[in-house]
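Some notes on the structure that comes next.
Derivation of every value follows stated rules applied to the coordinates shown; laboratory data play no part. It should be emphasised that the depicted structure is a prediction, and the values quoted were computed from it without experimental measurement. Neighbour counts run over all protein chains shown; Cβ positions are idealised from the backbone, glycine included.
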Amino acid sequence: MKKVSFAHMGYSYLGFKQLVEDMGFAAIVPPSPSPATLDRGVQYAPEFACIPFKMVLGTYLEVLEQGAEIIITSGGVGPCRAGLYGMLHEKILRNLGFDFEIFVFDPPLTGLWRFYSKLRRVVRGAGLSWPAFVDVVRRAWAKLKLLDALEQLASNTRPYELKRGETTRTFHDCLKIVDQARNLKEIASARQECQQLLQNIPRDPGRHPLKIGIVGEIYVMLEPFMNLEIEKTLGEMGVVTHRSIYLTQYTATDVLAHGTMDVRQLAYPYLNQFVGGHGQNSVGETILYARNGFDGVVQVAPFTCIPEIVAKSILPRVSQDFRIPVLSLTIDEQTGRAGVETRLEAFIDLLRERREQMEARPYAALLPGY
């Protein structure tokens, strides 16, 4: 039985684990990213590679040392260097003496035959028929959608919790429940159970939390270790957060439908060309958050990420035009949790003061001398 692994990206590993196991492979589940993982990647990566490249390289080192024989990963298109990651990772790892296969899947519509050829090799290697493979994908997809839904529910619950940390503890209990669910009926049952557990968390409904949208590069957004658990941190500071990217939404729109055109059309007056990665999306989503009444936006981006550098240079103008404060956080291996938390606290203080001023403004006209 072949041993198959993949990169660790948020909680999606539970869905990919099921996909690999249901195909008949042995899944080597990558460990949660840690400082040690990052150190391994930094040791062998080019100095100016972005932090996702370094972290994923460290993860591949860990899973190969655990016996992984096949690595399955995604590629990329456009100016973003992510399209070269798979090739460069493979070259570095082979130079280190590892013997393995790697399948890099670029978005299907960028090369349908190439995508199909790679997929056929994997499916044949598993000994599955195409109908059986479709059933396997349906179950994994249902689990991934559930994980995204539970993350959103936890983010909406956390600012109201009476006991700090209760939502996070319950969410991690839910991850264990979801992991045990294997077929569609069990996954549906897990959805009901986990939603009930999160909804039963004691809360104060009288609170009026700030709403902050999070935009940026996909890996840093989805992997809590990479963004220093920004959603948990903001939630426990009393803020409702919403990410512009959840994995199933991204797959259904950007990958399979070849672009979230509505968002890119919003960005067009400010950024009228595809710059790779999620640069256009970061601009368009910021405008969308402003239109939907969010109090602010946080951009999280890896150091040296070209698409997000482009977006960062444009966001101040978007912020001014749409009157929505934007905080840009650049993440690399030197970034510390304390520094990020301090900046977030200052940003939240600014947003609260701004909200108070906006709420007071209608009444100011009634004061003498206004």
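What the table shows:
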{"read-out": "Most positive-pole-ward Cα, Leu344, Ser129, Ile230, against dipole of the chain from beta carbon charges", "value": "Ser129"}
{"read-out": "Average Cα contact separation per residue, the chain, under 8 Å, 6 or more apart, as relative contact order %", "value": "16"}
{"read-out": "Proximal charge balance of Thr73 [Cβ under 12 Å; K/R count +1, D/E count -1]", "value": "-2"}
{"read-out": "Within segment 14-104, chymotrypsin sites (Phe, Trp or Tyr not before Pro) in DSSP loop having at most 14 other beta-carbon neighbours inside 10 Å", "value": "Phe48"}
{"read-out": "Taking segment 209-370 and dividing mean pair separation by its residue count, relative contact order in percent (alpha carbons under 8 Å, at least six apart)", "value": "25"}
{"read-out": "Top of Gly78, Gly339, Gly276 by mean-square fluctuation, Gaussian network on the chain, Cα under 10 Å", "value": "Gly339"}
{"read-out": "Expected 222 nm ellipticity per residue - DSSP helices of 4 or more, -39500 (n - 2.57), all of the chain, to 500", "value": "-17500 deg cm²/dmol"}
{"read-out": "DSSP-assigned coil residues among GluC sites (Glu not before Pro) in segment 1-85, each with at most 15 further Cβ atoms within 10 Å", "value": "Glu47"}
{"read-out": "Top of Asp295, Asp148, Asp135 by mean-square fluctuation, Gaussian network on the chain, Cα under 10 Å", "value": "Asp135"}
{"read-out": "Simple label model, 7 Å out from Cα along Cβ direction - Gln180 to Arg94, nm", "value": "4.4"}
{"read-out": "Cα-projected label distance for Arg337 with Ser34, points at 7 Å along beta-carbon direction, nm", "value": "1.4"}
{"read-out": "Segment 209-370, dipole about Cα centre (Lys/Arg Cβ +1, Asp/Glu Cβ -1), debye to the nearest 20", "value": "500"}
{"read-out": "Fewest-first sequence of Ser313, Ser328, Ser319, Ser244 by Cβ atoms within 10 Å of each Cβ", "value": "Ser313, Ser319, Ser328, Ser244"}
{"read-out": "Sites Phe105 and Lys2 - FRET efficiency at Förster radius 25 Å, r taken between beta-carbons, to 0.05", "value": "0.90"}
{"read-out": "Rounded to 5, percent antiparallel among DSSP beta bridges of the chain", "value": "5"}
{"read-out": "Range in the chain, longest, excluding exposed trypsin sites (Lys or Arg not before Pro) [loop by DSSP; at most 15 other beta-carbon atoms within 10 Å]", "value": "3-162"}
{"read-out": "GNM result for the chain, Cα springs below 10 Å: residue of Asn183, Asn156, Asn95 fluctuating most strongly", "value": "Asn95"}
{"read-out": "Given charges at beta-carbon only (K, R positive; D, E negative), |dipole| of the chain in Debye", "value": "720"}
{"read-out": "The chain: DSSP helices with Cα axial extent of at least 27 Å and average Kyte-Doolittle hydropathy no lower than -1.0", "value": "130-157, 337-364"}
{"read-out": "14 Å beta-carbon shell around Ser319, net charge (K/R +1, D/E -1)", "value": "+2"}
{"read-out": "Spin-label pair Ser313/Leu162, simplified geometry with 7 Å Cα→Cβ offset, distance in nm", "value": "5.2"}
